[in-house]
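All of the numbers you see were taken from the coordinates with simple rules; none came from a lab. Not measured: the values here are computed from a predicted model. Every residue, glycine among them, receives a Cβ derived from its backbone with ideal geometry; neighbour counts consider all protein chains shown.
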Amino acid sequence: MSDSEFESKTRPRLVIHVPHASTVMPEGHRAQFGISDEALETEIHQSADLHTDLLARQAWPQAEIVEARVSRVLLDVERYADDALEQMARVGRGVIYTHDCSGGSLQRTVSSKDRGQLLDTFYHPHWKKLRADASDAVLIDLHTYPEKAWPIEPRIDAARPEIDLGTSAGITPIEWTAGLWAHFERHGFTVEENTPYSGVIDAGAKHAVMIEIRRDVLGSGPGSPEWHRLVSALATLPLPG
Ligand SMILES: [Zn+2]
């Protein structure tokens, strides 16, 4: 067996979770929101981690990418389905949003029947696929976040580095975190761990980390010099064995 064959057999399977790139609001669900088309469109774009889908495909063409099908403003797959467990539900940003990123009302009414239907359509199938794909794989949960904190954030005064590594004990090996930290610093980025957002989702992966990229790091987006620099840093990041 050649070295390359050996490597390909031992390299961990990589899954990238992209929960917040979508700006899709299916027509049938628009009526739940009382705000104007313009206000809804603004909120969808401000809340979205724009281009993280393309970023994932360009950085890791070999990976399985699991993406949310709809805007987080309709349903956020990166939340607990039970509001009692979800701290963001307190500010109207649980799995079903009632408030925008500035704390304003979306004038949204969702009956418990509608809620169940949304979960059955967009949440449970997403998690079923994510859990199946993540099983025994390495998972990267990919996000971007605003330079200036939203009023609804739980830790408004926390440090906002260019790269925030979200880690959880038992899921993210300490050596991997150290390797990622050093890697991004070598590429010239400021790095912190678990600030301003902490932890990584538990989808049953062997190892997992959340990568939160501050939005100004993307420059003017796909194709910009900043974009290429970021893609090359992501493409070469170390993975745990
Ligand atoms: Zn996000």
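Scanning region 13-40 for residues that are surrounded by fewer than 15 Cβ atoms within 10 Å (Cβ to Cβ) and not small (Gly, Ala, Ser), we see that the one that is nearest to the ligand (Cβ to nearest atom) is VAL24. Residues of region 80-99 that are touching a residue at least 60 places away in the same chain (Cβ under 8 Å) and part of a loop (DSSP other than H, G, I, E, B): GLY92 alone. Among the criteria (1) within 15 Å of the ligand (Cβ to nearest atom); (2) within 18 Å of PRO19 (Cα to Cα); (3) assigned to a loop (DSSP other than H, G, I, E, B), the one ARG160 does not fulfil is (2). When each of LYS148, LYS113 is tested for being more than 29 Å from GLN62 (Cβ to Cβ), in a helix (DSSP H, G or I) and basic (Lys, Arg), the lone residue that passes is LYS113.
Exposed (fewer than 15 other Cβ atoms within 10 Å of the Cβ) and free of Cβ contacts under 8 Å to residues at least 60 places away in the same chain: which single residue out of ILE174, ILE163 fits that description? Going through ILE174, ILE163 in turn, the sole match is ILE174. Whether a residue is buried (at least 18 other Cβ atoms within 10 Å of the Cβ), of a type in the set (Phe, Trp, Tyr) and touching a strand residue (DSSP E or B) at 6+ places or on another chain (Cβ under 8 Å) was assessed, and TYR97 passes this test. Checking the structure you have, find out if any residue of region 102-118 is touching a Pro at 6+ places or on another chain (Cβ under 7 Å) and closer than 30 Å to LEU180 by Cα. No, region 102-118 has no match at all.
State whether the residues of region 134-142 include one that is in contact (Cβ under 8 Å) with a residue 24 or more places away in the chain, surrounded by fewer than 17 Cβ atoms within 10 Å (Cβ to Cβ) and either within 16 Å of the ligand (Cβ to nearest atom) or closer than 20 Å to SER22 by Cα (or both). No, the conditions are met nowhere in region 134-142.
The single condition among (1) more than 12 Å from the ligand (Cβ to nearest atom); (2) under 22 Å from SER135 (Cα atoms); (3) touching a Pro at 6+ places or on another chain (Cβ under 8 Å) that ASP76 does not satisfy is (1).
Quick grid of which residues meet (1) part of a loop (DSSP other than H, G, I, E, B); (2) without any contact (Cβ under 8 Å) to a residue 24 or more places away in the chain; (3) over 22 Å from ARG214 (Cα atoms):
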position: ALA31; (1), (2), (3): no, yes, yes
position: GLN46; (1), (2), (3): no, no, no
position: GLN58; (1), (2), (3): no, no, no
position: ILE65; (1), (2), (3): no, no, no
position: VAL73; (1), (2), (3): yes, no, no
position: GLU78; (1), (2), (3): yes, no, no
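Evaluated against (1) touching a helix residue (DSSP H, G or I) at 6+ places or on another chain (Cβ under 6 Å); (2) surrounded by fewer than 16 Cβ atoms within 10 Å (Cβ to Cβ); (3) closer than 30 Å to LEU106 by Cα; (4) in contact (Cβ under 8 Å) with a residue 12 or more places away in the chain, ILE152 falls short on exactly one condition, (2). Checking the stated criteria, ALA169 turns out not to satisfy the condition of being in a helix (DSSP H, G or I), over 16 Å from LEU237 (Cα atoms) and more than 16 Å from the ligand (Cβ to nearest atom). Look at ASP120 and say whether it is over 25 Å from VAL209 (Cα atoms) and either crowded, with 16+ Cβ neighbours inside 10 Å or without any contact (Cβ under 8 Å) to a residue 24 or more places away in the chain (or both). So ASP120 fits the description; yes. When ASP53 is tested against (1) out of contact with any strand residue (DSSP E or B) (no Cβ under 6 Å at 6 or more places or on another chain); (2) within 16 Å of the ligand (Cβ to nearest atom); (3) closer than 21 Å to ASP202 by Cα; (4) in a helix (DSSP H, G or I), only condition (1) is not met.
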